[in-house]
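Below is one structure, written out as structure tokens, with a few remarks after it.
The values are calculated or read from the model by the stated rules, or taken from the named source; none is laboratory data. Keep in mind it's a predicted model, so treat the numbers as computed, not measured. Positions of Cβ are generated from backbone atoms using ideal geometry, with glycine treated the same way; all protein chains shown enter the neighbour counts.
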Amino acid sequence: MNMSNIIEIKRGHTMGIAVSNLVKKYNNRIVLDSINLSIDIPGTYLIAGPNGSGKSTLLEIIVGLRNSDL
């Protein structure tokens, strides 16, 4: 899968991250369903949610440790 279609690391004067229509399933369970995220302003951000909601999976996909599904 070509991750460049889903995750874009913006470089230049400031860096940013853009995620478009991200989907991840484990067996038949959808953990991330069409996630869209754009961070353009440097800072500290919080990703919050209950256990098993996909927070770690999202971050692992963004940094390239895990693949997303189409």
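Remarks
- Of all residues making up the range 40-70, the number that are surrounded by 13 or more Cβ atoms within 10 Å (Cβ to Cβ) and among the hydroxyl-bearing types (S, T, Y): 4
- Residue identified as under 10 Å from the mean Cα position of the chain (by Cα) and modelled with pLDDT of 95 or more among S68, S56, S20, S38: S56
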